[in-house]
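*Asks:* The structure follows.
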Amino acid sequence: MTVIDFSAFIGRLATASGETILPFFRTSLSIDDKSKTKDFDPVTEADRAAEAVMRRLIKASFPQHGIVGEEFGNEREDADYVWVLDPIDGTKSFIGGFPIWGTLIALLHKGTPVYGMMHQPFIGERFSGDNGSATYKGPSGERRLQVRRCASLSEATTYTTSPLLMNERDRAIFGRIEKGARLSRYGGDCYSYCMLAAGHVDLVVETELKPYDIAALIPIVTGAGGVVTTWEGKPAQGGGRIVAAGDARVHEEALKLLNQ
């Protein structure tokens with residue numbers, strides 16, 4: 001089976017998860033804190049319900065495949081094909097009523113992300129990619145995604161979800177990026193990477209990411225012509241400290257600053 005064989009099914013997953021999530025959005029819903037530290041890590045009924053729906057569909061259609069999910073753990077993660085699910089990436093925005101969140105669906109083949117989708121059901125946007133190309137579908141129609149050229153960090157718009165999510169050392173290192181960039185903005189979660197793929201953002205720098213936070217976004221960014229690695233320049237699907245750039249020149253400059 002090829003990635004093309006899975007594209008329609010991934011669309012079904014996105015539709016089912018979106019239909020599950022939307023009745024909860026901007027309502028008075030219960031919020032639990034998953035964190036074992038002082039940092040607030042919210043999870044809602046919508047997160048759990050959406051992942052449960054996607055897991056049921058995957059198991060019914062591809063029982064031999066593995067699943068890695070934020071809310072319900074890992075099953076058969078050593079299988080050739082593994083689905084990596086984040087039902088709501090940006091739960092903090094979700095509980096605040098802001099539509100800067102999305103459902104992340106990735107398909108890995110032998111450990112490598114080969115297809116990814118970010119679905120924002122409230123706005124009605126889907127960003128998808130297979131490393132070779134990337135596509136947008138939404139209210140404004142359908143088009144191919146393409147990163148923009150950016151010669152240097154001094155010309156770049158950079159995003160991170162929040163420096164407060166970084167430890168003290170990484171926050172200080174990230175300060176080098178902020179100092180060198182033309183514009184630095186916070187927020188976005190998965191949307192930052194999609195806006196990078198769409199040519200509106202030049203650099204995204206994050207830390208402490210889990211595989212389900214980044215796996216789906218890699219084929220989208222690379223399919224649009226961008227680069228995604230760890231701060232050390234290694235493959236990013238395992239999570240950790242991540243840097244994504246639309247232009248290889250900005251990526252190289254960022255890596256140098258992050259590893260001084």
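*Asks:* Restricting to Cα atoms and excluding each atom paired with itself, what does the Kirkwood estimate give for the stretch 162-206 in Å?
*Replies:* Working: mean 1/r = 0.0892 Å⁻¹.
By the Kirkwood definition, the hydrodynamic radius is 11.2 Å.
*Asks:* So, one more: Counting only protein heavy atoms and using a 1.4 Å probe, what share of the accessible area of the stretch 153-259 belongs to carbon plus sulfur, as a whole percent?
*Replies:* Working: 2140 of 4170 Å².
Within the stretch 153-259, the accessible surface is 51 percent carbon and sulfur.
*Asks:* Could you pull out every whole DSSP H run in the chain that spans at least 18 Å of Cα extent along its own axis and averages 0.5 or higher on the Kyte-Doolittle scale? Don't skip to the end; give the middle numbers.
*Replies:* On the way: long enough: 3-21 (26 Å, 0.91); 45-61 (24 Å, -0.31); 168-180 (19 Å, -1.16).
Passing helices, by number: 3-21.
*Asks:* Provide, in order from the shortest bin, the percent of all Cα-Cα pairs of the stretch 6-144 in each 5 Å bin, continuing until the bin that contains the maximum pair distance.
*Replies:* Bins of 5 Å from zero give 2, 10, 20, 22, 19, 15, 9, 3, 0 percent of pairs.
*Asks:* Take peptides 203-216, 134-147 and line them up by average Cβ neighbours within 10 Å, highest first, as a rough protection proxy. Don't jump to the answer; show the numbers that get you there.
*Replies:* On the way: 203-216: 24.0, 134-147: 14.9.
Result, highest mean Cβ count within 10 Å first: 203-216, 134-147.
*Asks:* So how do 171-177, 186-192 stack up, highest first, on mean other-Cβ count within 10 Å?
*Replies:* Details: 171-177: 16.7, 186-192: 21.9.
Final packing ranking: 186-192, 171-177.
*Asks:* Taking Rh as the Kirkwood radius computed over C-alpha pairs, what is the Stokes-Einstein D of the chain at 4 °C in a medium of viscosity 1.567 mPa s, expressed in µm² per second?
*Replies:* Numbers: Rh = 18.3 Å.
The Stokes-Einstein estimate is 71 µm²/s.
*Asks:* Give, in whole angstrom and from largest to smallest, the semi-axes √(5λ) of the equivalent ellipsoid of the stretch 153-259, with λ running over the eigenvalues of the Cα gyration tensor.
*Replies:* Numbers: eigenvalues 60, 49, 33 Å².
Whole-Å semi-axes of the equivalent ellipsoid: 17, 16, 13.
*Asks:* Of Lys110/Lys234; Lys59/Lys110; Lys59/Lys92, which pairs sit farther than 23 Å apart, going by alpha carbon to alpha carbon?
*Replies:* Details: Lys110/Lys234 17 Å; Lys59/Lys110 18 Å; Lys59/Lys92 29 Å.
Beyond 23 Å: Lys59/Lys92.
*Asks:* Mind putting a number on the dipole of the chain about its Cα centre? Charges go on the C-beta only, +1 for Lys and Arg and -1 for Asp and Glu, and I need it in Debye to the nearest 20. Kindly include the intermediate steps, with their values, before the conclusion.
*Replies:* Values: 29 positive and 33 negative charges, 102 e Å.
It works out to roughly 480 debye.
*Asks:* State the percentage of accessible surface on the stretch 8-77 attributable to carbon and sulfur atoms; use a 1.4 Å probe and exclude ligands, DNA and RNA. Numbers along the way, then the final one.
*Replies:* On the way: 1930 of 3740 Å².
Of the solvent-accessible surface of the stretch 8-77, carbon and sulfur hold 52 percent.
*Asks:* Helix-only mean residue ellipticity at 222 nm, the chain, DSSP H runs n ≥ 4 weighted -39,500 (n - 2.57), per residue, nearest 500. What is it? Don't skip to the end; give the middle numbers.
*Replies:* Working: 8 runs with 84 residues, N = 260.
Calculated at 222 nm, the ellipticity per residue is -9500 deg cm²/dmol.
*Asks:* In the stretch 6-144, what percentage of the DSSP-assigned beta bridges are antiparallel, given to the nearest 5? Please list the in-between numbers first.
*Replies:* On the way: 33 of 37 bridges.
Bridges in the stretch 6-144 that DSSP calls antiparallel: roughly 90 percent.
*Asks:* With every protein chain present, what is the per residue accessible area of the chain (1.4 Å probe, Å²)? Show your work: numbers first, answer last.
*Replies:* Working: 11640 Å² over 260 residues.
For the chain, the solvent-accessible area averages 45 Å² per residue.
The values are calculated or read from the model by the stated rules, or taken from the named source; none is laboratory data. In this text the structure is predicted, and so the values were computed from the model without any measurement. Cβ atoms come from the backbone with ideal geometry, glycine included; neighbour counts cover every protein chain shown. Ligands, DNA and RNA are stripped out before the accessible areas are found, and what is left, the full protein with its side chains, is counted by its heavy atoms. Shrake-Rupley method; radii C 1.70, N 1.55, O 1.52, S 1.80 Å.
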